[in-house]
1. For the range 1-22, give me each residue that is within 12 Å of the chain's Cα centre (by Cα) and loosely packed, with under 15 Cβ neighbours inside 10 Å.
2. What number of residues within the range 26-38 satisfy the criterion of being under 22 Å from Met1 (Cβ atoms) and of a type in the set (Ser, Thr, Tyr)?
3. Quick one: is Gly36 outside any loop (DSSP other than H, G, I, E, B), at pLDDT below 80 and not basic (Lys, Arg)?
4. Could you list all residues from the range 39-53 that are within 17 Å of Leu4 (Cα to Cα) and assigned to a loop (DSSP other than H, G, I, E, B)?
5. Taking the stated definitions as given, is Gly28 modelled with pLDDT under 85, of a type in the set (Gly, Ala, Ser) and surrounded by 10 or more Cβ atoms within 10 Å (Cβ to Cβ)?
Amino acid sequence: MAKLTYKLEVKDVQGKLIETFSKTSSRGATRINGEGYLGEDGKNLYGAHGVQGGNTYNAGAVYTFTSVDA
């Protein structure tokens with residue numbers, strides 16, 4: 001009955017943190033979806049995922065990065 005987590009950090013070209021996005025699922029969830037955005041000044045997006053408080057299983061993660069030019 002673990003909780004799933006994710007965290008994204010957006011940094012600019014100098015490495016300054018612009019924004020952080022994070023989410024924790026309810027206990028027992030088998031999937032978590034989240035999103036973040038780079039914004040106008042963002043250059044780098046760092047992602048991490050984890051499992052808290054449960055039995056150990058193989059973890060899989062998919063990160064999708066989308067850029068839209070206006």
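1. Within the range 1-22, Thr20, Ser22 meet the criteria.
2. Step one: filter the range 26-38 for residues under 22 Å from Met1 (Cβ atoms), giving 26-34.
Next, from what is left, pick out any that are of a type in the set (Ser, Thr, Tyr): 26, 30.
Qualifying residue count, the range 26-38: 2.
3. Values: outside any loop (DSSP other than H, G, I, E, B): no; at pLDDT below 80: yes; not basic (Lys, Arg): yes.
Answer is no for this residue.
4. Taking the range 39-53 as the starting set, the residues that turn out to be within 17 Å of Leu4 (Cα to Cα) are 47-53.
Scanning the range 39-53 gives a single hit, Gly53.
5. Working: modelled with pLDDT under 85: no; of a type in the set (Gly, Ala, Ser): yes; surrounded by 10 or more Cβ atoms within 10 Å (Cβ to Cβ): yes.
So Gly28 fails the test.
The values are calculated or read from the model by the stated rules, or taken from the named source; none is laboratory data. Since we're looking at a predicted model, the values are computed, not measured. Neighbour counts are summed over all protein chains in view; Cβ atoms, including those assigned to glycine, are modelled from backbone coordinates with ideal geometry.
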